[in-house]
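This report refers to the structure that appears directly beneath it.
The values are calculated or read from the model by the stated rules, or taken from the named source; none is laboratory data. Because the structure is a prediction, the values reported are computed rather than measured. Glycine gets a Cβ as well: all are built from the backbone with ideal geometry, and neighbour counts include every protein chain shown. Note: areas computed on protein heavy atoms with side chains; ligands, DNA, RNA excluded. Shrake-Rupley method; radii C 1.70, N 1.55, O 1.52, S 1.80 Å.
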Amino acid sequence: MPSTTRRNRRRDTPPPRTGSNETEVLRGFLDYLRISIAAKVDGVPEPQVRTVAVPSGTNLLGLLNHLTCVERSLFLGDDVTDWQATFQAAPAGSVADVVARYRDAVKRANDVLDGCTDLGAPVPRLRPDRPAPSIRWALTHMIEETGRHAGHADILRERIDGTTGR
């Protein structure tokens, strides 16, 4: 296991002090976590970014791929039939490709959220025949999901090159 050196430590970024209302706070925390998880993948070369370091098979690039699928499912209405498969990035997809897809999903999700003013309203769906959770629930779930996997990514990144911090 690599040792942590001074150059591997990142300056830890505290949680955001954002928002005077519930929507701004929820979106501020979600964006903070989104930036944190993308930063964990940044700078990790192949094949380490796909290196499995735990029995479950979890790897950095797979976590980001999974979160891309969750964002797209929750806010854009994509249908995911095999959630376990989302934890593996396509072998042909480069780190830059996976990061770009994640950032695109986040941007598109934020575009949807920008049009939502009532947290109690359902997330808009392209297919109205599918039930949708409230925007409040979707934001809270996405915070929980991204935060949980950002924690996994913290450990995986530290095992790869000793880099710590958000």
Q: Pairs only if they're at least six apart or on different chains, beta carbon under 7 angstrom, first in the stretch 148-159 and in contact (Cβ under 8 Å) with a residue 40 or more places away in the chain, second open to solvent by 60 Å² or more (accessible area, probe 1.4 Å); list them, first residue then second.
A: ARG159/MET1
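Which of the residues that make up the stretch 73-103 are in a helix (DSSP H, G or I) and touching a Gly at 6+ places or on another chain (Cβ under 7 Å)?
The initial filter retains those residues of the stretch 73-103 that are in a helix (DSSP H, G or I), namely 73-76, 84-87, 95-103.
Result: PHE87, single match.
Quick check, is HIS149 modelled with pLDDT of 95 or more and open to solvent by less than 50 Å² (accessible area, probe 1.4 Å)?
yes
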Q) With VAL80, VAL123 as the choices, which residue is over 15 Å from the mean Cα position of the chain (by Cα) and touching a residue at least 12 places away in the same chain (Cβ under 8 Å)? A) VAL123
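Go through the stretch 104-135 and give me each residue that's part of a loop (DSSP other than H, G, I, E, B), hydrophobic (A, V, I, L, M, F, W, C) and either closer than 15 Å to THR23 by Cβ or touching a strand residue (DSSP E or B) at 6+ places or on another chain (Cβ under 8 Å) (or both).
Applying the first criterion (part of a loop (DSSP other than H, G, I, E, B)) to the stretch 104-135 yields 115-121, 123-133.
Next, only the ones that are hydrophobic (A, V, I, L, M, F, W, C) stay: 116, 119, 121, 123, 126, 132.
Of everything in the stretch 104-135, those that are part of a loop (DSSP other than H, G, I, E, B), hydrophobic (A, V, I, L, M, F, W, C) and either closer than 15 Å to THR23 by Cβ or touching a strand residue (DSSP E or B) at 6+ places or on another chain (Cβ under 8 Å) (or both) turn out to be CYS116, LEU119, ALA121, VAL123, ALA132.
Being of a type in the set (S, T, N, Q) and at pLDDT 95 or above is the filter here; which residues of the stretch 106-133 pass it? Outline the logic, then answer.
Within the stretch 106-133, the subset of a type in the set (S, T, N, Q) is 110, 117.
Scanning the stretch 106-133 gives a single hit, ASN110.
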Q: Please work out which one of (1) at pLDDT 95 or above; (2) under 23 Å from LEU119 (Cβ atoms); (3) loosely packed, with under 14 Cβ neighbours inside 10 Å is the condition GLU24 fails and give its number.
A: (1)
